[in-house]
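Everything below concerns the one structure shown next.
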Amino acid sequence: MSTERRSLLIPGAVYLGAVVLVGVPTMAVLPSLLGHALEALGWDWLSGSVGSTLILGLSVLIGLQLAVEAAALQLGGVAALGRGSPRVMLIRHVALAVSVFAVLAAVLVAAVSAVVGGYGTATVAVGSLVALAAAAALYRGSRAFVAGLRTDD
């Protein structure tokens, strides 16, 4: 195998992994969220087949872009979020923060439901620990994000 092919193998594998782990779940959840948001805004004209196709296409584009950003983050570290204009950098940081917040919030809800559900002592103990860890990560992450925004001004 040539060195050029070998050098593209790792980024390709990282991107494929990001598509599977980040892009596909985003593409699965986002159409429902966008549909509910547009319905709440009163944009009922997007409820037809053209609107559904538009929402699905937008979800795919957003999912693939988040996969690109996740792959860049994994390959280049946090410095990869710093490319582009200040506005684009802010959008990247906010998109990452919202994604991480959503995942941690989902883990927190699942852990709390395991604790409240009364599935046994072991499940309650593990659910409590996961809920505490997710809450601590959300708290520390949001404080660090806000502190980072304040120091960049």
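The values are calculated or read from the model by the stated rules, or taken from the named source; none is laboratory data. All values reported here derive from a predicted model rather than from experimental measurement. Neighbour counts run over all protein chains shown; Cβ positions are idealised from the backbone, glycine included.
Just a few scattered comments:
- Residue satisfying condition, being part of a helix (DSSP H, G or I) and at pLDDT 80 or above, within set Leu81, Leu138: Leu81
- Flag for Gly17 being surrounded by fewer than 16 Cβ atoms within 10 Å (Cβ to Cβ), of a type outside the set (Val, Ile, Thr) and not in a helix (DSSP H, G or I): no
- Among the residues of the range 62-86, the ones that are of a type in the set (Val, Ile, Thr) and surrounded by 14 or more Cβ atoms within 10 Å (Cβ to Cβ) come to 2 in all.
- Extreme residue, farthest from the chain's Cα centre (by Cα), among residues of the range 51-61 that are of a type in the set (Val, Ile, Thr) and either crowded, with 16+ Cβ neighbours inside 10 Å or closer than 9 Å to Gly23 by Cβ (or both): Ile55
- Residues located in the range 26-50, provided they are surrounded by 16 or more Cβ atoms within 10 Å (Cβ to Cβ), within 19 Å of Val103 (Cα to Cα) and not polar (S, T, N, Q): Met27, Leu30, Pro31, Leu34
- On the stretch given as the range 95-114, residues that are in contact with a helix residue (DSSP H, G or I) (Cβ under 8 Å, 6 or more places away or on another chain) and within 17 Å of Arg143 (Cα to Cα) total 8.
A quick yes/no check of all residues on (1) closer than 17 Å to Pro25 by Cα; (2) without any contact (Cβ under 8 Å) to a residue 40 or more places away in the chain:
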| residue | (1), (2) |
| --- | --- |
| Val60 | yes, yes |
| Gly63 | yes, no |
| Gly77 | no, yes |
| Leu81 | no, yes |
| Val107 | yes, yes |
